[in-house]
Amino acid sequence: MAKIKDNTVKVVFISLLLDLLAFTIILPLFPALLDYYKEIENDQGLYFKILHYIQSARKFFDAPDKVSTVLYGGFLGSMYSFLQFLGSPIIGALSDIYGRKPLMLLCLIGIMMSYLLWALSFNFTIFVLARFIGGISKGNISLSMAIITDVTSEKERGKAMALVGIAFSIGFVAGPMIGAFFAWISSNNREGAWYIIPAVFALFLAASDLCFVVCNLKESLPSKHRVTIFKSGISRAFAYINPIDLFQFNGVSGLNVQDKKSLQTLGYAYFIYLFIYSGLEFTLTFLTHYLFEFTSMQQGWMFLAIGLIMAILQGGWVRTIPSNKTKSTAELGLWLIIPAFVCVGIADSLLMLSVGVLLFAISTAMVVTCMMTLVTRIGPENQKGAITGVFRSLGALARACGPIIASSAFWCIGSKATYLTGAVFLVFPPLILQSIKSL
């Protein structure tokens, strides 16, 4: 397939950066937002119906009352990831038929509408609806991977995928800092609907992203390379959201036996890794708060350091890794995450915690970018949207389940046992990845 020689990769990078800045603004605001809706709903409405189940779970696990808000935030985060799991593969598959740009625009319109609803969320039900629409529309990330696959050769792809990693790193550094600024403002003025200002700012970023893509993104999938027929019928469409079919990549057509086996093996390794990783990552704020008494600002500085390390590594090293070294680099990153979580789990000093966090940042910079690069090398060109969509969906499913399991373990068996158990199970992803000989 002839590769398009234009600025498409840069356009995708800027679009992702705008999207991730808007997406991460809300993260530091969750506690204040939940407190706000708790006050205005006055023991009625959807907020308290969900809180009843959260409190029941908290009492079952004998967790302190002060973590209810954190668990509530975890529930909303899991819901968002679950919706991504439902939407990403279907959006990716549709883009193989109708082209990348129309589906990208549809996703960005949905994301923009979610921020508009957030700005108008005078009750918790509207806020949840906003998160619902935002989650189901988040297929733009898997589409970005597919677009990069369309316009790059295998040799150039690792460098381009590293730019995606850089966008994530910058977004998850700058976005929460912007959100923290709004959180600081809200702490001084909680009168009225204070959340409108950050919501409108996120809406502005999303609208800017939409306009930028409309004006600058060229269609990357020519008509002659598109799939002509979408798998029809409820049973066939279910292949894009049924976990069993997803792990088997049954929603992707035209795969030979070797390619399908390689995708399945990559999918297993990625899911196990991200399931454990996302859960332990989610509980890291619990650990630093209760064991080291970190304030929100100290936690913000910790994640700022993680993001900067990742951005530096991805911008200066990961993007220069030769294509024949991508798999070995992914394996190294998967091995590094094990001592990272061991150090965090047994940490009784800031020095040991810092060593664990440093290894965590280094590993994260390597793994996801390299594994996404590997998956884009497999399968026919006209199925890249479906393949990246299924892969992203497996990751979203892992992120939906991991925090729930890890949080439960954290309060049942303690932080040290949770992290060390997770580290033991993280031995499997690199061993599974090593079994693939064709990449």
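Matching residues to (1) free of Cβ contacts under 8 Å to residues at least 12 places away in the same chain; (2) surrounded by fewer than 21 Cβ atoms within 10 Å (Cβ to Cβ); (3) outside any loop (DSSP other than H, G, I, E, B):
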residue: ILE312; (1), (2), (3): yes, yes, yes
residue: GLY315; (1), (2), (3): no, yes, yes
residue: THR326; (1), (2), (3): no, no, yes
residue: GLY333; (1), (2), (3): no, no, yes
residue: ILE337; (1), (2), (3): no, no, yes
residue: PHE341; (1), (2), (3): no, no, yes
residue: GLY345; (1), (2), (3): no, no, yes
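Condition check for GLY134 on (1) more than 16 Å from LEU18 (Cβ to Cβ); (2) out of contact with any Asp or Glu (no Cβ under 9 Å at 6 or more places or on another chain): one failure, at (1).
If the condition is being in a loop (DSSP other than H, G, I, E, B) and among the charged types (D, E, K, R), then the stretch 252-298 contributes only GLU293.
Checked against (1) assigned to a helix (DSSP H, G or I); (2) farther than 25 Å from ARG100 by Cβ, ALA193 meets all criteria but (1).
Take the residues in the stretch 421-439 that are in contact (Cβ under 8 Å) with a residue 60 or more places away in the chain and outside any helix (DSSP H, G or I), then tell me which one is surrounded by the most Cβ atoms within 10 Å (Cβ to Cβ).
LEU426
The set of residues from the stretch 367-416 being of a type outside the set (Gly, Ala, Ser), outside any helix (DSSP H, G or I) and either open to solvent by less than 10 Å² (accessible area, probe 1.4 Å) or without any contact (Cβ under 8 Å) to a residue 12 or more places away in the chain (or both) comprises THR376, ILE378.
For the stretch 63-73, the count of residues that are in a helix (DSSP H, G or I), at pLDDT below 85 and among the charged types (D, E, K, R) is at least one. Checking each residue in the stretch 388-439 for being more than 25 Å from THR326 (Cα to Cα) and of a type in the set (S, T, N, Q) picks out SER407, SER408, SER415, THR418, THR421.
In the stretch 218-228, how many are surrounded by fewer than 20 Cβ atoms within 10 Å (Cβ to Cβ) and either within 22 Å of the chain's Cα centre (by Cα) or in a loop (DSSP other than H, G, I, E, B) (or both)?
Adding up the residues that qualify gives 5.
Residues checked against (1) closer than 26 Å to LEU263 by Cα; (2) at pLDDT 85 or above:
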residue: ASP348; (1), (2): no, yes
residue: VAL375; (1), (2): yes, yes
residue: LYS384; (1), (2): yes, no
residue: ARG392; (1), (2): yes, no
residue: GLY395; (1), (2): yes, yes
residue: ALA398; (1), (2): yes, yes
residue: CYS401; (1), (2): yes, yes
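The values are calculated or read from the model by the stated rules, or taken from the named source; none is laboratory data. All of these numbers come straight from a predicted model, not from anything done at the bench. Every residue, glycine among them, receives a Cβ derived from its backbone with ideal geometry; neighbour counts consider all protein chains shown. Accessible surface is based on the protein model in full, side chains and every heavy atom, while ligands, DNA and RNA are left aside. Shrake-Rupley method; radii C 1.70, N 1.55, O 1.52, S 1.80 Å.
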